[in-house]
Every structure is written in C-alpha cells, then in structure tokens.
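Novice: Please find one structure pasted underneath; my questions will follow.
The values are calculated or read from the model by the stated rules, or taken from the named source; none is laboratory data. Here the structure is a predicted model, which means the values were calculated and not measured. Virtual Cβ from ideal backbone geometry, glycine too; neighbours counted across all protein chains shown. To get the accessible areas, we keep the full protein, side chains included, count just its heavy atoms, and leave off ligands, DNA and RNA. Shrake-Rupley method; radii C 1.70, N 1.55, O 1.52, S 1.80 Å.
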Amino acid sequence: MKDLAVLYQIASLTNRSVTALAAQQEVFSSIMAAFPADSGSLALINPDSGRLEIALHRGFPEELGEFALRPGQGVTGWVALHGRPLLVSDVSAESRYIAARPGVCCEMAAPLIVEGQTVGVMNLDADRVGAFAEGDLARLARFAAEAAAVLHRLWQLERLRTNSTRLTTLVELGHALVAQLASEDLLSTLTQSGRALFSARLCLLHDYDRVTHELRLHAWSAAG
C-alpha cells in the first residue's frame, strides 16, 4: 500500500499545475522517503555534454560543486550506460564505485528511461552494508519508470508552451516590422521581442559608429 501511495503521488503530478522543476523535486522527495536512505540524488543527462549532472541531492556535502559523470563511470554512470538498475550491497568491494561523500556503504540506482533512451538516474545511498535488498531495487526501478513517464510529459508540455510563446512573439514582431512604425517605436519593439524570445531579463540594442568605432546604446527592454 505504501508503494501504491508513492506511485499515485508521482502519477498525480501530471494532473496538477506544477512546473517540471517542482515535479522533479516532489518525485525525488517521495522516492527518498520510501527507503532507509542516508543520501540520494537525481541526475539528468545533459544533452549537450552527454554527462550525468546532479539536478537534486540530499545528504551530500555542500561543497560537492559540479559533480558530473560520464555514462559508464561509477555506479550511476553504469546504470545510465546500460539502462538497467544496479544494487551494490558493499561499495568497498565494487571497483566501479565513485564516492560523492564519505561513509557510504551501500548504493543502488535505477534509470529514468524515455522512449528507449536513458535520460537520468535515481540513486540512493546508505551508511550500512546490505541496507538495500533486491526487493528494494525492484521497487526503486518501478518508481523510476513512473517518474520518467511523468517528467517526460511535463518536459514536453513546457517545451510546447515555450515554443507557443516564441511563435506569438515572432508573429507580433512581424506585424510591427510591416506596420511602418516610427524608428524609435520599431527599435523598442525589437528589444521587447528579443527579451521575450529568450525569457531574458534584459535586452540591449546598440548601433555601431563607423567613424568613432564605438557602440552606442540605442534601445533597451528590461524586466522589472
């Protein structure tokens, strides 16, 4: 019944008005609470670098910094590379283990798979040898599978919203360009549209003086 409650809590995120980031936090907290874990992390694969980057963690040292792994590196990286869950009852006997914090004795991890591709890994650690069993690994894999499906839907929804906003901005900019606005109005529209396109806090438009070789601020748009 506890496992069903966790699965329901994760699945219900798609019916609530939450951002993908907030959903990641709720998923992570729900899974962490379901196991006797002393630390844990949710790592996502950066599509640009191909590395596993920690998006959320608990119990790790604050000075962890930008801890990233290549697929195949460490227990988490092995799970990302092979797309299969892995349990290490005693990390001292595991050559693949890479420590993110001292004191870890047992670790398990499960992949987040979307359309056949691993997009992240849920990892749990314990300070006691044999703290997790095969049954725990199977449970973690089920939670990770549901989390991947939910997060994928929310990521897609956010991308659609972003693309819709950008398309609207481009249409408005096109109208402004053909409406023969006064020069200052047109430049103001350009900076406002530029800021909106990239969800930026500030957009500046300079013109270049070929005589003095200087850039002069001509128009700008700022949030707040």
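Novice: For Ala99, indicate whether it is out of contact with any Asp or Glu (no Cβ under 6 Å at 6 or more places or on another chain) and surrounded by fewer than 18 Cβ atoms within 10 Å (Cβ to Cβ).
Specialist: yes
Novice: Give me the pairs, please: first residue somewhere in the stretch 198-210 and within 23 Å of Thr168 (Cβ to Cβ), second residue anywhere and of a type in the set (A, V, I, L, M) and open to solvent by 90 Å² or more (accessible area, probe 1.4 Å), beta-carbon distance under 8 Å, and either six or more positions apart or on two chains.
Specialist: From the stretch 198-210, the pairs are Leu204/Leu217; Leu205/Leu217.
Novice: Which one of these does Ala144 not meet: (1) farther than 14 Å from Ala34 by Cβ; (2) in contact (Cβ under 8 Å) with a residue 40 or more places away in the chain; (3) among the small types (Gly, Ala, Ser)?
Specialist: Ala144 satisfies every listed condition except (1).
Novice: Turning to a different aspect of this structure: With respect to Leu21, determine if the residue is in contact with a helix residue (DSSP H, G or I) (Cβ under 6 Å, 6 or more places away or on another chain), at negative phi and part of a helix (DSSP H, G or I).
Specialist: Considered against the rule, which asks whether it is in contact with a helix residue (DSSP H, G or I) (Cβ under 6 Å, 6 or more places away or on another chain), at negative phi and part of a helix (DSSP H, G or I), Leu21 comes out as no.
Novice: Of everything in the stretch 85-96 that's closer than 17 Å to Leu52 by Cα and touching a strand residue (DSSP E or B) at 6+ places or on another chain (Cβ under 7 Å), which residue is least open to solvent (accessible area, probe 1.4 Å)? Lay out the reasoning, then the answer.
Specialist: The first filter runs over the stretch 85-96 and keeps only residues closer than 17 Å to Leu52 by Cα, leaving 85-86, 96.
Those left that are additionally touching a strand residue (DSSP E or B) at 6+ places or on another chain (Cβ under 7 Å): 85-86.
On the way: Pro85: 54, Leu86: 24 Å².
Looking at the filtered set, the residue picked out is Leu86.
Novice: Can you confirm whether Val129 is among the hydrophobic types (A, V, I, L, M, F, W, C) and surrounded by fewer than 18 Cβ atoms within 10 Å (Cβ to Cβ)?
Specialist: Details: among the hydrophobic types (A, V, I, L, M, F, W, C): yes; surrounded by fewer than 18 Cβ atoms within 10 Å (Cβ to Cβ): yes.
Criteria met by Val129.
Novice: So which of Leu215, Leu170, Leu190 is in contact with a Phe, Trp or Tyr (Cβ under 8 Å, 6 or more places away or on another chain) and open to solvent by 60 Å² or more (accessible area, probe 1.4 Å)?
Specialist: Leu215
Novice: Here is a further query. Please find, within the stretch 193-208, the residue that is farthest from the chain's Cα centre (by Cα) out of those that are open to solvent by less than 100 Å² (accessible area, probe 1.4 Å) and at pLDDT below 90.
Specialist: Among those that are open to solvent by less than 100 Å² (accessible area, probe 1.4 Å) and at pLDDT below 90, it is Asp207.
Novice: Determine if the stretch 51-61 includes at least one residue that is out of contact with any Gly (no Cβ under 7 Å at 6 or more places or on another chain), basic (Lys, Arg) and open to solvent by 40 Å² or more (accessible area, probe 1.4 Å).
Specialist: yes
Novice: Looking at Val150, Val121 in this structure, which one is touching a residue at least 24 places away in the same chain (Cβ under 8 Å), under 30 Å from Asp90 (Cβ atoms) and touching a Ser or Thr at 6+ places or on another chain (Cβ under 7 Å)?
Specialist: Val121
Novice: Within the stretch 83-103, count every residue that is under 25 Å from the mean Cα position of the chain (by Cα), within 20 Å of Asp136 (Cα to Cα) and free of Cβ contacts under 8 Å to residues at least 24 places away in the same chain.
Specialist: Residues that pass the stated criteria total 1.
Novice: Here is a follow-up. Select from the stretch 184-212 the residues that are in a loop (DSSP other than H, G, I, E, B), within 28 Å of Arg159 (Cα to Cα) and not aromatic (Phe, Trp, Tyr) and list them in ascending order. Outline the logic, then answer.
Specialist: Going residue by residue through the stretch 184-212, those that are in a loop (DSSP other than H, G, I, E, B) are 198-201, 210-212.
Now drop any that are not within 28 Å of Arg159 (Cα to Cα), which leaves 198-201.
The answer is Ser199, Ala200, Arg201.
Novice: Moving to a separate point now. Being closer than 22 Å to Val75 by Cβ, among the small types (Gly, Ala, Ser) and under 15 Å from the mean Cα position of the chain (by Cα): is that true of Ala131 here?
Specialist: Considered against the rule, which asks whether it is closer than 22 Å to Val75 by Cβ, among the small types (Gly, Ala, Ser) and under 15 Å from the mean Cα position of the chain (by Cα), Ala131 comes out as no.
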